[in-house]
Amino acid sequence: MKTLIRKFYCITTILLLIVACNPKTTFTAEEIALINKYTEQIMPVLQTTNASDSLFLRQPAKEFSNADMQSDLFKNLQQQMLLTVNDTLHSGVGIAAPQVGVARRLIAVQRFDKPDRQFEFYANAYIIYYSDKKRTGMEGCLSVPDCRGRVERSETIVVKYIDTRTLQPCADTVSGFTAVIFQHEIDHLEGVLYIDRIVPIVD
């Protein structure tokens, strides 16, 4: 009897360790299927010219859990977003997860303010400060074909996000063109498109 009890406790402990080491992610079945469908491939970019795509782009994105950010699925999504934004046929300087059909708070931004100008990813990103000083420039979007427009953005912003390696909250002050990219991409996470912000040309 004691042997059976010991075996029971041993098996229970192992199961608890397995659960602890493999926490459940919050990815939906649809998100899992989509990410797995395009493993190591360019993903289709949702377009405002398609009615269902346009509705999807207008919904606010959800945050990732810590378990999500530690998963292989999250890493695959990052890799596929990077391949997509660097597509030689339709390249960009930034991309948001909702643009590839995953309504989560993840963006990739090309850091023109850094020497190597590499893309960096930001999970659960929000802008917590906008400078009063503004700049106006032309913008386009991978999800809005054949369109460009003048948009007014803050010159300097502060972005808060989660460092996916440490799972700790971070903040970054960004200025200039890179700040514009952040504002454009984080708008996507709120269901906002740059065409909502186009300002008229004044003669």
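The values are calculated or read from the model by the stated rules, or taken from the named source; none is laboratory data. All values derive from a computational prediction rather than experimental measurement. Virtual Cβ from ideal backbone geometry, glycine too; neighbours counted across all protein chains shown.
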Original post:
Among the numbered criteria (1) in a helix (DSSP H, G or I); (2) loosely packed, with under 15 Cβ neighbours inside 10 Å; (3) within 18 Å of the chain's Cα centre (by Cα), which single criterion is violated by S52?
Top reply: (3)
Original post:
Looking at this structure, is D68 assigned to a helix (DSSP H, G or I) and closer than 21 Å to D196 by Cβ?
Top reply: no
Subject >> All positions within segment 103-129 that are assigned to a loop (DSSP other than H, G, I, E, B) and of a type in the set (F, W, Y) >> reply: F112
Original post:
Residues in segment 153-160: is at least one more than 22 Å from E63 (Cα to Cα) and of a type outside the set (S, T, Y)?
Top reply: yes
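Out of the residues in segment 125-151 that are hydroxyl-bearing (S, T, Y) and surrounded by 14 or more Cβ atoms within 10 Å (Cβ to Cβ), state the one that is farthest from G176 (Cα to Cα).
First, the residues of segment 125-151 that are hydroxyl-bearing (S, T, Y): 126, 129-131, 136, 143.
When the remaining residues are screened for being surrounded by 14 or more Cβ atoms within 10 Å (Cβ to Cβ), the result is 126, 130-131, 143.
Details: Y126: 18, Y130: 12, S131: 11, S143: 23 Å.
Among those that are hydroxyl-bearing (S, T, Y) and surrounded by 14 or more Cβ atoms within 10 Å (Cβ to Cβ), it is S143.
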**OP:** Test each condition in (1) in a strand (DSSP E or B); (2) among the hydroxyl-bearing types (S, T, Y); (3) crowded, with 16+ Cβ neighbours inside 10 Å for T164 and report the one that comes out false.
**Re:** (1)
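Looking only at segment 142-178, count how many residues are hydroxyl-bearing (S, T, Y) and more than 27 Å from I201 (Cα to Cα). So that I can check it myself, show each step before the final result.
Let us first name the residues in segment 142-178 that are hydroxyl-bearing (S, T, Y), namely 143, 154, 156, 161, 164, 166, 173, 175, 178.
Next, only the ones that are more than 27 Å from I201 (Cα to Cα) stay: 161, 164, 166, 173.
Selection size over segment 142-178: 4.
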Original post:
Name the residues in segment 180-203 that are within 20 Å of S131 (Cα to Cα), part of a loop (DSSP other than H, G, I, E, B) and touching a residue at least 40 places away in the same chain (Cβ under 8 Å), would you?
Top reply: E190, V199
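I'd like the full set of residues that are modelled with pLDDT of 95 or more and either farther than 23 Å from V174 by Cα or part of a helix (DSSP H, G or I) (or both), limited to segment 82-102. Give the derivation first.
From segment 82-102, those modelled with pLDDT of 95 or more are 82-87, 92-102; that's our starting set.
Once the filter is applied, which keeps residues that are modelled with pLDDT of 95 or more and either farther than 23 Å from V174 by Cα or part of a helix (DSSP H, G or I) (or both), segment 82-102 yields L82, L83, T84, V85, D87, A97, P98, Q99, V100, G101, V102.
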**OP:** Filter segment 55-98 down to residues that are over 17 Å from E120 (Cβ atoms), within 11 Å of the chain's Cα centre (by Cα) and in contact (Cβ under 8 Å) with a residue 60 or more places away in the chain and give me whichever is surrounded by the fewest Cβ atoms within 10 Å (Cβ to Cβ).
**Re:** E63
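Count, please, the residues in segment 58-91 that happen to be in contact with a Gly (Cβ under 7 Å, 6 or more places away or on another chain) and under 22 Å from Q110 (Cα atoms). I'd like the intermediate steps shown before the answer.
Our first condition is that a residue be in contact with a Gly (Cβ under 7 Å, 6 or more places away or on another chain); within segment 58-91, this holds for 58-60, 85.
Now drop any that are not under 22 Å from Q110 (Cα atoms), which leaves 85.
Going through segment 58-91 one residue at a time, the tally reaches 1.
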